[in-house]
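Undergrad: What follows is a structure written as structure tokens; I'll ask about it next.
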Amino acid sequence: MYKYEMHCHTAETSRCSRISGADLVDFYHSIGYTGIVITDHLYNYYLKDPTQPSWPERVEFFVAGYRAAKQRGEALGMDVFFAWEYSHKRKGNDFLTYGLDMDWLLENPDLDELHINDYYDLVHRDGGYVVHAHPFREARYIDMIRLAPRKVDAVETINACRTPFENCMANLYAENYALPKICGSDNHRGPIPQLTSLDLPFRAGSVEEIVQAALRGESTLHLYQYDTERGLCEIPEDKVFCAAEKL
Ligand SMILES: [Zn+2]
Ligand SMILES: [Zn+2]
């Protein structure tokens, strides 16, 4: 099987990340992944330096973490793909967006201002995919849990940084609406206590190939405990989700 990280952030671009693109690649290479998808936050608030005056300069800044990761990946023979996490008006509605490139960003300078329904439609019109990241995340900055089951292509049902309860709810959501599932570590640091991998039976040539395989049901999702001594230790399926939580 070929292992992929579908959700991680570089310090060059995302101000909440503590690890450079190159170090992220080194880390995932050291634990046997075939590829990683860089999903820096596409929203002004999260950009490390939001002072670039023009949109082309902001886009150039936005891809800096990906470029650094890609360069390191080429040196190591590891696949690094470009994507982003669109954080709608910083209200806790975060959408991993796959299959579009830097040119698409350059052509769409007003993404921050779009109505969320227009964002989904624009991405789909141009052949991209929208995946709802951690849809049941609970945090102070999140106004409300808000779902878009007719608009997303898939749901991130296992996020390594969320609780088994939040992931359980995401999984129930995907199951009940018959939506495809992906997983991601939401990695901002490299070695973190839990990691996910999306595994494919073939080596993907692009991020579209990974997502299309997931939509066809050809991928498997895995959650691991991780520490530097023992490496990856898979969490059994019956421990991944917890259906009830004492509030
Ligand atoms: Zn972040
Ligand atoms: Zn994220």
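Undergrad: Kindly indicate which of Phe202, Phe136 is touching a residue at least 40 places away in the same chain (Cβ under 8 Å) and part of a loop (DSSP other than H, G, I, E, B).
TA: Just one listed residue meets the conditions, Phe202.
Undergrad: Out of the residues in segment 14-54 meeting the condition of being within 11 Å of ligand 1 (Cβ to nearest atom) and modelled with pLDDT of 95 or more, tell me which one is farthest from Phe95 (Cα to Cα).
TA: Arg18
Undergrad: Now, a different point. What is the one condition in (1) of a type outside the set (Phe, Trp, Tyr); (2) modelled with pLDDT under 95; (3) more than 19 Å from Tyr173 (Cα to Cα) that Lys70 does not satisfy?
TA: (2)
Undergrad: Looking only at segment 89-111, which residues are outside any strand (DSSP E or B), touching a strand residue (DSSP E or B) at 6+ places or on another chain (Cβ under 7 Å) and either within 16 Å of ligand 1 (Cβ to nearest atom) or closer than 16 Å to Lys151 by Cβ (or both)?
TA: Scanning segment 89-111 gives Gly99, Leu111.
Undergrad: Moving on. Go through Tyr129, Tyr173, Tyr177, Tyr119 for me and flag whichever is aromatic (Phe, Trp, Tyr) and either without any contact (Cβ under 8 Å) to a residue 24 or more places away in the chain or surrounded by fewer than 16 Cβ atoms within 10 Å (Cβ to Cβ) (or both). Can you show your working first?
TA: On the way: Tyr129 fails: either without any contact (Cβ under 8 Å) to a residue 24 or more places away in the chain or surrounded by fewer than 16 Cβ atoms within 10 Å (Cβ to Cβ) (or both); Tyr173 fails: either without any contact (Cβ under 8 Å) to a residue 24 or more places away in the chain or surrounded by fewer than 16 Cβ atoms within 10 Å (Cβ to Cβ) (or both); Tyr119 fails: either without any contact (Cβ under 8 Å) to a residue 24 or more places away in the chain or surrounded by fewer than 16 Cβ atoms within 10 Å (Cβ to Cβ) (or both).
Of the residues listed, the single one that is aromatic (Phe, Trp, Tyr) and either without any contact (Cβ under 8 Å) to a residue 24 or more places away in the chain or surrounded by fewer than 16 Cβ atoms within 10 Å (Cβ to Cβ) (or both) is Tyr177.
Undergrad: Could you identify the single residue in Ala148, Ala154, Ala139 that is within 16 Å of ligand 2 (Cβ to nearest atom) and touching a strand residue (DSSP E or B) at 6+ places or on another chain (Cβ under 8 Å)?
TA: Working: Ala148 fails: within 16 Å of ligand 2 (Cβ to nearest atom); Ala139 fails: touching a strand residue (DSSP E or B) at 6+ places or on another chain (Cβ under 8 Å).
The match here is Ala154.
Undergrad: Answer with yes or no whether Pro180 is more than 21 Å from Thr10 (Cα to Cα) and in contact with a helix residue (DSSP H, G or I) (Cβ under 6 Å, 6 or more places away or on another chain). Spell out how you get there, then give the answer.
TA: On the way: more than 21 Å from Thr10 (Cα to Cα): yes; in contact with a helix residue (DSSP H, G or I) (Cβ under 6 Å, 6 or more places away or on another chain): yes.
So Pro180 fits the description; yes.
Undergrad: Which residue out of Tyr86, Tyr66 is in a strand (DSSP E or B) and either within 16 Å of ligand 1 (Cβ to nearest atom) or more than 17 Å from the chain's Cα centre (by Cα) (or both)? Please lay out each step first, then the result.
TA: On the way: Tyr66 fails: in a strand (DSSP E or B).
From the options Tyr86, Tyr66, the qualifying one is Tyr86.
Undergrad: Looking at Glu237 and the list (1) touching a Ser or Thr at 6+ places or on another chain (Cβ under 9 Å); (2) modelled with pLDDT under 95, which single condition is not satisfied?
TA: Every listed condition holds for Glu237 apart from (1).
Undergrad: So Glu57 clears everything in (1) away from ligand 1 (no atom under 16 Å from the Cβ); (2) buried (at least 16 other Cβ atoms within 10 Å of the Cβ); (3) acidic (Asp, Glu); (4) at pLDDT below 95 except one condition, right? Which one?
TA: Glu57 satisfies all of (1) away from ligand 1 (no atom under 16 Å from the Cβ); (2) buried (at least 16 other Cβ atoms within 10 Å of the Cβ); (3) acidic (Asp, Glu); (4) at pLDDT below 95 except (2).
The values are calculated or read from the model by the stated rules, or taken from the named source; none is laboratory data. Worth saying up front: this structure is predicted, and the values here are computed from it rather than measured. When we count neighbours, we look across all protein chains shown, and the Cβ atoms used for this are built from the backbone with ideal geometry, even at glycine.
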